[in-house]
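Trainee: Here you go, one structure.
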Amino acid sequence: MSDAKSAVIFALPLDKKKIRSFLSKELPNGKIDHELDNIQVNVNAYKMAKDVAQILKKEGYNSEVIFPNFKYRTDVEGWQMKMYPELALRYLAARAGVGSIGWSGNIGIKGYGTTVILGGLVTSAELKPTDPIPSNESFCIQCKLCTKVCAFGMFSNEHSEEITLGGHKFSYAKRINVMRCQIVCGGLSGLDKTKKWSTWSPGRFPYPETEDQVRRIFSYALLKTPKRPSGTNYNNNFDVSQLDDDVRVTDLNTGEDLSKVMLKGVNLTCGNCQLICWGDLKETKRNYDILTSSGCVIEHPDGNIEILRSDQAKTQFNEFPSKHKQLYYKEF
Ligand code: SF4
Ligand code: SF4
């Protein structure tokens, strides 16, 4: 929006009880319950932003809702891989003092952590800006547990990068290679470097030590993952028709039903760096313990999944026919 002068940004909480069930990989509903909550909160954020935009429009100001997910800057070369959002809500949230950027790069709020969903809009109205939260009042205590729950180590444990927004500097962990997140958060693989636990993804590719291995795993797994079977003992295939009418979302300007765009291919298998951090070291540590003792997912040839201790998962996986194993594992 070329005449944008201000942004209105806010954060809504996710359901922490459902996050615990997700982190502990509870069957049958630990995954779908958090997915539905995550979708509902995203939809609520979109609707709240739409309401504010409509009020501003009535006052004569141009206003556009910032789409929270799945909408990328297609003008950027290689956008399919880079996946830059049309506007980074987290940057705006940090600059506006909605929350602080934590080591993981997620926005967090003191006493609550990073388990929030951001929403917002831009407008031609010149609103009074709010200040960022001073760094000494950040929720982030640099415990670095977020780095330990990223199965493919997408971000650094020691090095940071810095950005400047509206004259203020912000820093967070250096990104080693976002493709590492695309593999894990994209559900292609989930086995942690320690091989002791996994995300909800049944992919078992060994931890890539080099970025060349990352690229090779990505290309291979992208072809194999769609061939994986789909089982019935958990819901891994979100269907828009499951939603109530009140979570339908229409575009402010075109009236187009955006539900399908927002929900397309929803399959949340990770998000650990965001979900683990609750703004209280004791609770965050508990989340870390829950996740790292939750075992490993394996997917049987009939598509049903099982959560097993890491040694049992390895034994069971090795007994599968090699054609089935190829969908989840290959040495590079
Ligand atoms: S887990 Fe939270 S508090 Fe700890 S370093 Fe990461 S973002 Fe900061
Ligand atoms: S979402 Fe998962 S894979 Fe992506 S950076 Fe966070 S922990 Fe790593």
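Trainee: Report the calculated FRET efficiency for residue 169 and residue 315 (r = Cβ-Cβ distance, R0 = 56 Å), to the nearest 0.05.
Mentor: Given R0 = 56 Å and the Cβ-Cβ separation, E is 0.65.
Trainee: Further question on the same structure: Note down the relative contact order for the range 64-197 as a percent, whole number, built from C-alpha pairs under 8 angstrom at least six residues apart.
Mentor: That works out to 21 percent.
Trainee: Okay, next question. Tell me, what is the per residue accessible area of the range 51-188 in Å², probe radius 1.4 Å?
Mentor: 52 Å²
Trainee: If I build a Gaussian network model for the chain, linking alpha-carbon pairs within less than 10 angstrom, which residue out of 172, 61, 288 has the largest mean-square fluctuation?
Mentor: Its mean-square fluctuation being the largest, the pick is 61.
Trainee: Quick one: angle between helix 281-292 and the longest Cα principal axis of the chain, in degrees between 0 and 90, rounded to 10, please.
Mentor: 40 degrees
Trainee: Turning to a different aspect of this structure: Roughly how much of residue 273 is accessible, in Å² to the nearest 10, using a 1.4 Å probe?
Mentor: Roll a 1.4 Å probe over it and residue 273 shows about 40 Å².
Trainee: Related question: As an exercise, use a Förster radius of 35 Å and the Cβ-Cβ distance of residue 216 and residue 4 to find the FRET efficiency, rounded to the nearest 0.05.
Mentor: 0.25
Trainee: Tell me the relative contact order for the chain as a rounded percent, counting alpha carbon contacts under 8 Å between residues six or more apart.
Mentor: Here the relative contact order equals 21 percent.
Trainee: Does anyone have the angle between helix 211-224 and the longest principal axis of the chain? Alpha-carbon axes, 0 to 90°, nearest 10?
Mentor: For 211-224 against the chain, the angle is about 80 degrees.
Trainee: How much net charge surrounds residue 150 when only the other residues with a Cβ under 10 Å from the Cβ of residue 150 are counted, with Lys and Arg +1 and Asp and Glu -1?
Mentor: +2
Trainee: Taking the chain as a Gaussian network, where each spring joins two C-alpha atoms under 10 Å apart, which residue of 42, 62, 287 fluctuates the most?
Mentor: Among 42, 62, 287, the largest GNM mean-square fluctuation belongs to 62.
Trainee: How many nm separate the modelled label positions at residue 54 and residue 74, each set 7 Å beyond the Cα in the direction of the Cβ?
Mentor: 2.7 nm
Trainee: Next up: At a 1.4 Å probe, what is the % contribution of carbon and sulfur to the accessible area of the range 48-106?
Mentor: That fraction is 52 percent.
Trainee: Taking the chain as a Gaussian network, where each spring joins two C-alpha atoms under 10 Å apart, which residue of 111, 271, 60 fluctuates the most?
Mentor: 60
Trainee: Return the loop-located trypsin sites (Lys or Arg not before Pro) in the range 1-69 (DSSP other than H, G, I, E, B) with at most 14 other Cβ atoms within 10 Å of their own Cβ; answer none if there are none.
Mentor: When the trypsin sites (Lys or Arg not before Pro) of the range 1-69 are filtered for loop state and at most 14 Cβ neighbours within 10 Å, 5 remain.
Trainee: On a 1.4 Å probe surface of the protein chains, which of 168, 159, 324 comes out largest in accessible area, and what is the full order?
Mentor: Descending accessible area places them as 159, 168, 324.
Trainee: Per DSSP H run of n ≥ 4, the term is -39500 (n - 2.57); total these for the chain, divide by its residue number, and report the mean residue ellipticity at 222 nm rounded to 500 deg cm²/dmol.
Mentor: -9000 deg cm²/dmol
The values are calculated or read from the model by the stated rules, or taken from the named source; none is laboratory data. Since we're looking at a predicted model, the values are computed, not measured. Every residue, glycine among them, receives a Cβ derived from its backbone with ideal geometry; neighbour counts consider all protein chains shown. Ligands, DNA and RNA are stripped out before the accessible areas are found, and what is left, the full protein with its side chains, is counted by its heavy atoms. Shrake-Rupley method; radii C 1.70, N 1.55, O 1.52, S 1.80 Å.
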